[in-house]
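Visitor: Have a look at this one.
The numbers here are math on the coordinates, done by the rules we state, and not lab data. The structure displayed is predicted, hence computed values, not measured ones. Glycine gets a Cβ as well: all are built from the backbone with ideal geometry, and neighbour counts include every protein chain shown.
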Amino acid sequence: MSKISRQSTRDGPFGQVVFALLLVQKRWYCARSSIRWLTLREQRMECRPGCGACCTAPSISSPIPGMPDGKPANTPCIQLDEQQRCKIFTSPLRPKVCAGLQASAEMCGNSRQQAMTWLIDLEMLTAP
């Protein structure tokens, strides 16, 4: 059972785009569609080398080693290495919010830019 938490409509290049923040089986997802609701896909995937979008686009309010106040949106996490991989990925110091964000075809798209766009949309949708 899914629950829509927030929904907004914006004008996009191909007409109106509906964004919704969904709670599905205790996990949050952002869904969007320009014409109709798309089926929410949870197609897990491996992180794309050199991407780091999920560690850059969203704001994080939880403390991160080296960033005790968290990080603002659109700012790379201090824990990203030169290959844009998380240095504390397997560490218990990794914030739970980071561990809860899993790479998926929906979120990551086909490029880092598509992932950044999706995550920035999610950030705007969930802003207070």
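Visitor: Per residue of segment 108-114, what does 6.51 cos²θ - 1.76 cosθ + 1.60 with θ = phi - 60° give for ³J(HN,Hα)? Whole Hz please, x for Gly and Pro, Karplus curve as stated.
Guide: 7, x, 9, 7, 4, 4, 5
Visitor: Name all residues of segment 59-76 having a backbone nitrogen under 16 Å from the label point set 7 Å from the Cα of THR126 along its Cα→Cβ direction, giving them as ranges.
Guide: Residues passing the 16 Å test: 59-64, 70-75.
Visitor: For a protection proxy built on the mean count of beta-carbon atoms within 10 angstrom, sort 52-60, 93-101 highest first, please.
Guide: 52-60, 93-101
Visitor: Now for a separate question. Could you work out the local net charge near LEU80, counting Lys and Arg as +1, Asp and Glu as -1, over the other residues with Cβ closer than 15 Å to its Cβ?
Guide: The answer is +4.
Visitor: Given R₀ = 30 Å, what would the calculated FRET efficiency be for MET67 paired with THR117, taking r from the Cβ atoms and rounding to 0.05?
Guide: For MET67 and THR117, the calculated efficiency is 0.80.
Visitor: Using a ≥ b ≥ c from the Cα gyration tensor of segment 41-128 (square roots of the eigenvalues), is it rounded, prolate or oblate, where a/c under 1.5 gives rounded and otherwise the larger of a/b and b/c decides, a/b for prolate?
Guide: Oblate.
Visitor: Which listed residue (PRO72, THR56, PRO92) has the Cα farthest towards the positive end of the charge dipole for segment 41-128, taking +1 on Lys and Arg C-beta and -1 on Asp and Glu C-beta about the Cα centre?
Guide: It is PRO92, whose Cα lies furthest towards the positive end.
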